[in-house]
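The next block holds one structure in the form of structure tokens; read it before the comments.
The values are calculated or read from the model by the stated rules, or taken from the named source; none is laboratory data. Since the model is a prediction, treat every value here as computed from it, not as a measurement. Cβ: placed from backbone, ideal geometry, glycine included. Neighbour counts: every protein chain shown.
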Amino acid sequence: MANEFEVRITRNDLPKKKRELPGEMKKRMDALAEEGTNIAKVSMQQSPASGRSYMRGKKMHTASSPGNPPRPDSGRLVNSMRWDRMGTNGQTQQRRIIAATEYAFYEEFGTTKMEARPFMGPMAQQLRGLVKGHFDGILEED
């Protein structure tokens, strides 16, 4: 008959994929957080020396210009960049990227005396474009 069809499953990897999926998701989330941290660090390290120059102790420092990521001076901000998993008992699917200095907020958003030198917002925008690539093919055959 013309209306008949046959479905034949020759291999069913869904139970295996279901078991492996949480670990694979965790691994890919970690990789994405690490990539975001590195993007922020590199953006600061490559920020143009186009701002004001001044003496910092015995060393001359040229700052970044407003709108560009802050240029490293002591390296504290760059070295404070890290990420961690949010939640308890390993039941989390969220990561956060942290700039752990007391002045990171002021660099990102500016003050009444200094214009913003954003580095986290641009990193988040760039990271947004990488998400799909990190998770494409997660259920496909290896």
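Of note:
- Selection status of Ala116, among the hydrophobic types (A, V, I, L, M, F, W, C) and in contact with a helix residue (DSSP H, G or I) (Cβ under 8 Å, 6 or more places away or on another chain): yes
- Across the range 45-83, the qualifying residues are those that are hydroxyl-bearing (Ser, Thr, Tyr) and either at pLDDT below 95 or not in a helix (DSSP H, G or I) (or both), and the one among them that is nearest to the chain's Cα centre (by Cα) is Ser47.
- Residue within the range 68-85 that is farther than 30 Å from Glu20 by Cα, of a type in the set (Ser, Thr, Tyr) and surrounded by 13 or more Cβ atoms within 10 Å (Cβ to Cβ) present: yes
- Inter-residue pairs, beta-carbon under 8 Å, first within 15 Å of Pro48 (Cα to Cα) and in contact (Cβ under 8 Å) with a residue 24 or more places away in the chain and in the range 117-129, second in a helix (DSSP H, G or I) and of a type in the set (A, V, I, L, M, F, W, C), 6+ apart: Pro118/Phe109; Phe119/Ala40; Phe119/Met44
- Scoring Gly23 on the criteria (1) at pLDDT below 90; (2) more than 22 Å from Ile138 (Cα to Cα); (3) not in a loop (DSSP other than H, G, I, E, B) leaves a single failure, condition (2).
- Per this entry, Gly90 is counted among residues that are at pLDDT below 95 and among the small types (Gly, Ala, Ser).
- Filter result for the condition that a residue is charged (D, E, K, R), within 20 Å of His134 (Cα to Cα) and out of contact with any Gly (no Cβ under 8 Å at 6 or more places or on another chain), over Arg76, Arg52, Arg28: Arg28
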